[in-house]
Every structure is written in C-alpha cells, then in structure tokens.
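These notes concern the structure reproduced below.
Values quoted throughout were computed directly from the atomic coordinates according to the rules given, and no laboratory measurement underlies them. All of these numbers come straight from a predicted model, not from anything done at the bench. Cβ atoms come from the backbone with ideal geometry, glycine included; neighbour counts cover every protein chain shown.
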Amino acid sequence: MSNKNKLVIFDTTLRDGEQSPGASMTKDEKLRIAKSLEKMKVDVIEAGFAIASQGDFESVKTIADTIRNSRICSLSRALDKDIDRAAEALRGAEASRIHTFIATSPIHMQYKLQMEPAAVVEQAVHAVKRARNYTDDVEFSCEDAGRSEIDFLCRIIEAAIDAGATTINIPDTVGYAIPDEFGRTIKTLLGRIPNADKAIFSVHCHNDLGLAVANSLSAVQNGARQVECTINGLGERAGNASLEEIVMAARTRVDLFDFDVNIDATQIVPCSRLVSTITGFPVQPNKAIVGANAFAHESGIHQDGILKHRETYEIMQAQDVGWHANSLVLGKHSGRSAFRARIEEIGITLESETALNEAFFAFKELADKKHEIFDEDLQALFSGTKVLGGNEHYSLVCLSVCSETGVIPVSKVTLLIDGEERTAQGSGSGPVDATYKAIESIVGSGVNLQLYSVNAITSGTDSQGEVTVRLELNGRIVNGLGADTDIVIASAKAYLHALNAMQGEDSKQHPQGDV
Ligand code: KIV
Ligand code: ZN
C-alpha cells in the first residue's frame with residue numbers, strides 16, 4: 001500500500017449531473033451509470049437526493065443495494081426528514097455516506113433561508129449529529145461557500161467537525177471563484193480551523209465562468225483531498241468540474257499532483273459515452289479527453305512530429321483513457337448467450353426472459369442491417385426503449401418517407417397509442433420535419449423543439465445515427481434519444497422517446513430550492 005496522499009474522487013453525475021435541464025434518468029439508467037462508475041473505481045458515488053421524489057429514493061436504494069466497491073452517498077438538506085430518508089435509502093449499502101448541506105453566504109442566509117447566522121450553525125450541527133446516528137461517514141457542505149465570509153466559514157466548519165462531520169465540502173455553487181483566490185480560501189480554512197485535521201476537505205466547483213476544473217485543481221494544490229466532479233462535466237447550468245479532466249490532469253502532471261488516484265482511466269471513454277447516450281447530452285468534438293477530436297492530429301507538422309517521436313505533441317495516450325478500446329464485439333451470427341454476456345459486461349442486466357427476448361430480437365434486426373456491432377451500438381439499442389423499463393405510451397409502428405429533389409417531402413407515420421394504431425401524413429422542409437409534423441398531427445402535444453442533433457455512433461456509412469431532441473412544454477424540458485441505421489427513423493424514435501418522458505414523473509424537489 002502506497003503511503004502517498006490520497007485524492008478522493010467523488011462523482012455526482014447522478015445527482016448534480018441530473019440537475020442539468022432535460023438530463024433526468026430512470027432508475028435503470030442510473031444503475032447502469034453507477035455500475036460503470038464502480039468499474040472505473042470511483043471512490044464515492046452520489047447516487048441522488050433521496051427525498052426529492054419516490055423515483056429518486058428508489059434509485060439511491062437500488063444503487064446502494066447493488067454497488068459493492070464504491071461508497072454510496074445521498075444528498076440531504078440539513079433537515080431531519082431529509083436525513084432520515086437518505087439513511088433509509090442507503091441502508092443496504094456496503095459503505096454509505098450522508099451528505100448534508102446548508103447555505104452559508106450572506107445573500108443565501110438572508111434571502112433564501114431567512115435565518116440568522118447563529119441559527120444556521122445550530123441547524124448544521126444538529127443535522128451532522130443526526131446523520132452520525134446512521135453512519136460514521138458524514139459530509140457537510142457550506143452551500144455558496146465561494147461567496148461566504150471566511151470568518152463565518154471557519155466558525156460553522158469547526159462546529160460541524162466537532163459534531164462529527166468527516167468530510168467538509170467547499171462548493172463554489174454559482175461558479176464565481178477564480179483559481180488563485182479559491183486555492184487561498186482552502187489554505188486559509190485549513191490553517192485557521194483548529195480541528196481541520198479531523199476531516200477531509202473537499203471542493204465542488206461549478207463551471208459558470210469555465211473555471212470549475214482550474215478552481216478544483218488550485219484547491220487540491222492548497223490542501224483539498226476530495227474533488228466532486230461529473231462525467232463530461234454535466235451538472236446544473238454550465239455544469240460541474242469534469243471527472244475526466246481532473247483525473248487526467250492529476251495523472252499527467254504527477255510532478256504537481258503526487259497523489260494516489262484510484263481511478264481506472266481506461267473506463268473513462270466508455271463511461272463518457274454511456275452518460276452521453278443516456279442523458280442525450282452530446283459531447284462536443286473538442287472536449288478535453290473524451291471529445292472525438294481530443295487525440296486527433298490534423299496538421300501535417302503535428303502528424304510528422306508524432307510519427308518521429310510521439311511526445312512531441314501528445315501528453316497522454318488515447319488508449320490510456322479508453323479510446324480504441326472497443327473492438328468488434330458481436331455480429332449477425334452471435335447467439336443469445338454471447339449477447340447476454342456482452343450486455344452484462346457493459347452493465348445492462350435484463351431481469352426477465354421476455355425483456356431478453358425483446359432485446360435479442362432488436363439486436364438481430366440491427367445485425368441484419370449492420371454487420372459489425374460495437375458496444376456503442378448495444379448501448380444505443382437500449383436507450384429510449386421500453387426494454388429497460390422506460391415508459392412507452394407512444395411507439396412507432398411504421399414510417400415511410402418520400403424525399404426527392406424539387407418535391408416537398410412527405411412522411412406517413414403509424415403510431416401505437418394505448419393499443420390503438422393511428423396513422424397520419426405530414427409534409428415539411430425535409431423528411432425529418434415532415435415526420436415530426438405527421439407525429440404532431442396524431443399526438444397534438446404542443447411541445448417546442450429546442451434542440452435537434454444527429455451523430456454517427458460508430459464510423460462508416462452503415463453506422464447507426466443517434467438523434468437527440470430536446471422538447472419543452474410549459475417550462476418542463478425533456479431529452480429524447482433514438483438510434484437507427486436510418487436517420488429519419490432514428491429522428492422519429494427520439495421524438496417519441498421525449499414525448500414518452502414527458503408523460504413520466506414531474507414533481508421532484510430541487511435540493512437547492514425552498515426549504
Ligand atoms: O453546488 C452546490 O452547492 C451543491 C451542494 C448541494 C453541494 O450542489
Ligand atoms: Zn452543485
């Protein structure tokens with residue numbers, strides 16, 4: 001065992017990541033991501049905010065009951081009912097953590113909480129003590145610490161550690177901090193709080209100014225030993241610090257970050273793709289580490305340099321983060337047991353024989369059209385389908401499109417709605433537009449299409465196209481995903497997936513809303 005300092009990687013994709021508009025996930029989707037995070041050896045997985053809704057409670061519980069090699073955490077406000085609910089959801093965990101928080105900035109205490117600072121300290125202490133009755137691993141966060149007064153932070157943190165908090169988290173909730181300043185805050189806290197050595201200091205940075213990773217790393221250089229982050233930097237508003245960037249910065253600049261980081265980095269790209277497929281948030285091509293261009297060298301000078309000596313232009317190797325890891329996995333002649341083994345390998349467990357039969361049938365259909373099936377194809381096969389328990393109020397029966405130069409495209413769509421087939425025709429500026437008009441003339445949902453994007457899942461013209469749509473109705477935003485070798489069909493599936501999601505659970509409490 002190394003005696004180097006450990007840097008704890010705390011992933012909050014399933015909690016803060018899910019707070020991105022439209023990124024809500026089902027229980028099964030969350031479990032798939034949790035399994036992928038466990039495989040990556042993430043130290044702590046924040047599985048959700050148990051009191052937010054029945055769905056959130058069940059997600060945290062299922063993850064706590066299943067995952068054995070990462071610590072499972074639930075968020076809770078500094079309220080008895082939140083803490084009790086978190087503890088109940090975490091009961092089956094091998095290792096659990098309750099994460100309780102209260103706002104500490106003058107602006108939040110005065111306007112949001114409408115509480116005096118002394119009462120905030122009292123409530124924090126009470127919450128930590130209550131959480132300690134359930135687990136000896138309790139994290140306390142000072143919400144909006146980035147805009148809190150240092151003297152007050154010292155006072156409340158000292159009291160929280162005395163009450164039993166084992167991790168103290170300093171969130172830059174609104175992404176306001178600047179690296180040098182944020183690093184100094186951590187150093188000051190560690191230097192001034194008398195019992196600081198009794199807890200691990202953590203940071204949780206938001207990316208409103210594009211500084212979440214830089215702020216987190218500055219904090220680490222000044223003594224923080226836990227970083228809260230998300231896959232692909234998903235999260236509220238502009239997102240959180242991205243896990244892959246934090247981990248690879250620490251690995252690549254080991255001269256500056258001489259820590260034990262437990263992560264198996266080869267799982268980064270597969271996990272990034274899984275999160276993107278499930279949430280419908282595409283990864284921009286130039287995104288560090290996980291973007292399609294992150295390791296692509298276009299210019300002749302760079303290519304020449306790399307061929308002569310790789311390190312001239314490359315500071316990391318693509319395969320170290322899991323690029324090119326995917327090999328041909330299945331084909332047209334693969335049988336059910338090979339199919340089942342492979343999907344289990346990528347974290348999908350089908351509970352019933354019926355679900356397996358349905359999925360295997362869909363796989364065979366795909367393999368007939370596309371002979372080489374990769375992991376990404378398998379992931380896409382399950383996104384937006386009812387096989388994994390998704391709601392399927394509307395489903396596509398058939399679709400035919402007529403698209404010809406100089407002629408207005410027309411699409412004819414048949415949907416199954418509550419056991420009844422309905423057909424309609426639409427015309428539009430292109431085949432996708434015509435298809436969406438046809439669907440709308442059947443369902444009349446009145447939604448606004450906020451985003452439409454299409455990506456090739458693998459390479460080659462026989463690749464499946466994966467379509468992401470974002471729909472809005474009365475302020476509620478949902479994402480939909482659809483994949484098919486025919487992009488018009490993929491577009492129809494994505495639209496229906498989003499419409500189905502609109503039918504699902506809506507009332508969920510936001511952790512940082514009113515208490
Ligand atoms: O950004 C934030 O302050 C949070 C806390 C609840 C940790 O997400
Ligand atoms: Zn946050």
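Packing here is the average count of other Cβ atoms within 10 Å per residue, and on that basis the peptides 58-67, 394-403, highest first, run 58-67, 394-403.
Taking 7 Å steps out from each Cα toward its Cβ at Ser445 and Glu314 produces label points 4.3 nm apart.
Note on Asp304 and Ser400: with the Förster distance fixed at 51 Å, the Cβ-Cβ geometry gives a FRET efficiency of about 0.50.
Partner lysines whose Cα lies under 21 Å from the Cα of Lys412, excluding those fewer than 8 positions away in the same chain, are identified as Lys437, Lys493. The simple spin-label model puts a point 7 Å past each Cα toward its Cβ; for Asn293 and Asp258 those points are separated by 3.8 nm. In whole angstrom, the chain maps to an equivalent ellipsoid with semi-axes of 41, 27, 21, each derived as √(5λ) from the alpha carbon gyration tensor and ordered largest first. Among 123-132, 146-155, the peptide with the highest mean count of other Cβ atoms within 10 Å heads the list, and the full ranking is 123-132, 146-155. Highest average first, the peptides 340-352, 270-282, 371-383 ordered by how many other beta carbon atoms sit within 10 Å of their residues are 270-282, 371-383, 340-352. Centre-to-centre, using Cα atoms only, the stretch 46-99 and the stretch 451-515 are separated by 27 Å. Multiplying each eigenvalue of the alpha-carbon gyration tensor of the stretch 157-218 by 5 and taking the square root yields semi-axes of 23, 12, 8 Å, largest first, rounded to whole angstroms.
Just so you know, the Rg over Rh for the stretch 120-238 is 0.96, from Cα atoms, with Rh as the Kirkwood radius.
Here the sum of -39500 (n - 2.57) over DSSP H runs of 4 or more residues, divided by the residues of the chain, equals -11500 deg cm²/dmol at 222 nm, to the nearest 500.
In the chain, a dipole from Cβ-located charges (positive for Lys and Arg, negative for Asp and Glu) runs towards its positive end, and of Thr104, Ile193, Phe363 it is Ile193 whose Cα lies farthest in that direction. Where both partners of a DSSP beta bridge lie in the chain, what percent of those bridges are antiparallel, to the nearest 5? Percentage antiparallel, nearest 5: 50.
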